[in-house]
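A quick write-up on the structure given underneath.
The values are calculated or read from the model by the stated rules, or taken from the named source; none is laboratory data. Please read these numbers as outputs of a predicted model, since none were measured by experiment. Backbone-built Cβ (ideal geometry, glycine too); neighbour counts: all protein chains shown.
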Amino acid sequence: MAAKRKTPVKTRNPDLIRGVGKYSRSKMYHKRGLWAIKAKNGGAFPRHDPKPKAPAAAEKPPKFYPAEDVKKPLLNKRKPKPTKLRASITPGTVLILLAGRFMGKRVVFLKQLTSGLLLVTGPFKINGVPLRRVNQSYVIATSTKVDISGVIVDKFDDKYFAKEVEKRKKKTEGEFFEAEKEDKKKLPEDKKEDQKAVDASLIKSIEGVPDLKAYLAARFSLKSGMKPHELVF
Amino acid sequence: MPFKRYVEIGRVALVNYGKDYGKLVVIVDVVDQNRALVDAPDMVRGQMNFKRLQLTDFKIDIPRVPKKKTLIEAMEKADVKNKWENSSWGKKLIVQKKRASLNDFDRFKIMLAKIKKAGVVRQELAKLKKENAS
């Protein structure tokens, strides 16, 4: 195959209208400089003979032919688009979690991961929410923003949050009847350090705003008379 | 009970319904039994049904169908805007608008302030009660 061009080919033959070019075939021959290429090559257009191909390995006849023809599924080249982030969610926005263990908690948004999920932190010292992934649909974005400039979030991605793969031991009969001696999975120390590092500068900027710390520590709930469709968040 | 607020030329009214909801307008002419010609400094003069208007206590001194410039001068002279914003009706509307536009964080701060105020009031009350009892 010929080498790919760095810039796409810009046609030297502008359209007068669709289907009709400005220059004729002979004029285009001259414009493209095919006469110069031929002259350089001694009167004939340069051609490259195909490289000798290595002999393909002899194909063995298959071991098994199905009784009836098996249909191949159609080729699917669909690539899902990256999740669109709502315009109201920017780094440093305070979000309200709507579902899960931490529902109602107000939390600081850090960044959107490649999977589309939002990386979020309590901060842990303030409301007990650790570095966590959260889906955009289960979140209300408030208009309160926290200064997030001192936080380094580059090292966090979806792989960081993947579950640990544990090896399963083969149990002998005696061990089956013993009570499951699994001890609680402890959080590895480096994850705790990561949490502390992210939260250190965050907490400083949060304490700069009066009442913001208490705000993040409190949970959100709908009270009597609050109409969600009329509330401004 | 006689009427106090009359439909007359120069009467300031509040629009109750429609595209100009919440605006203060001046009745500039009466079209017929149901409609008035109405004008405000920031809108094109047009007709409005009386049912869309709520009359206020304020009246300005203008001739029938004044030029826009005259209208604006008369409104400045009568100081309609400030008088409106200091009236209890006007103040109520301003507070309603403020409450509707409160942020979640603002609502939280207001809750803290209310609790604080209630605490102070309760302390004073307890003090007064003690003085009274002794």
task: Sort out for me the helices (runs of 4 or more DSSP H) sitting completely within the range A:160-233 that have 1 or more residues that are modelled with pLDDT of 90 or more.
output: A:189-207, A:212-217
query: Can you spot a residue in the range B:22-37 that is under 30 Å from A:Ser143 (Cα atoms), in a loop (DSSP other than H, G, I, E, B), in contact (Cβ under 8 Å) with a residue 40 or more places away in the chain and more than 14 Å from every other protein chain (Cβ to nearest Cβ)?
result: yes
statement: Subset of the range B:40-81, residues assigned to a loop (DSSP other than H, G, I, E, B) and surrounded by 13 or more Cβ atoms within 10 Å (Cβ to Cβ), comes to B:Ala40, B:Pro41, B:Met43, B:Arg45, B:Ile60, B:Ile62, B:Val65, B:Pro66
- request: Could you tell me whether A:Pro91 is of a type outside the set (Gly, Ala, Ser), away from every other protein chain (no Cβ under 14 Å), in a loop (DSSP other than H, G, I, E, B) and farther than 30 Å from A:Tyr215 by Cβ?
  value: no
message: Give me the residue from the range A:94-125 that is small (Gly, Ala, Ser) and surrounded by fewer than 16 Cβ atoms within 10 Å (Cβ to Cβ) and, out of that set, farthest from the other protein chains (Cβ to nearest Cβ).
response: A:Ser115
field: Condition met for B:Asn86 (of a type outside the set (A, V, I, L, M), in contact with a strand residue (DSSP E or B) (Cβ under 6 Å, 6 or more places away or on another chain), exposed (fewer than 15 other Cβ atoms within 10 Å of the Cβ) and in the same structural domain as B:Gln33 (by the TED database))
entry: no
message: From the list A:Leu75, A:Leu110, exactly one residue is under 30 Å from A:Asp211 (Cα atoms) and modelled with pLDDT of 90 or more. Which is it?
response: A:Leu110
- request: Considering only the range B:107-127, state which residues are of a type outside the set (D, E, K, R) and within 13 Å of chain A (Cβ to nearest Cβ).
  value: B:Phe108, B:Ile110, B:Met111, B:Leu112, B:Ala113, B:Ile115
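Quick grid of which residues meet (1) in contact with a helix residue (DSSP H, G or I) (Cβ under 9 Å, 6 or more places away or on another chain); (2) at positive phi; (3) not hydrophobic (A, V, I, L, M, F, W, C):
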position: A:Pro80; (1), (2), (3): no, no, yes
position: A:Gly116; (1), (2), (3): yes, yes, yes
position: A:Asn127; (1), (2), (3): yes, no, yes
position: A:Gln136; (1), (2), (3): no, no, yes
position: A:Ser143; (1), (2), (3): yes, no, yes
query: How many of the residues in the range B:1-21 are in contact (Cβ under 8 Å) with a residue 12 or more places away in the chain, of a type in the set (A, V, I, L, M, F, W, C) and over 20 Å from B:Leu93 (Cβ atoms)?
result: 2
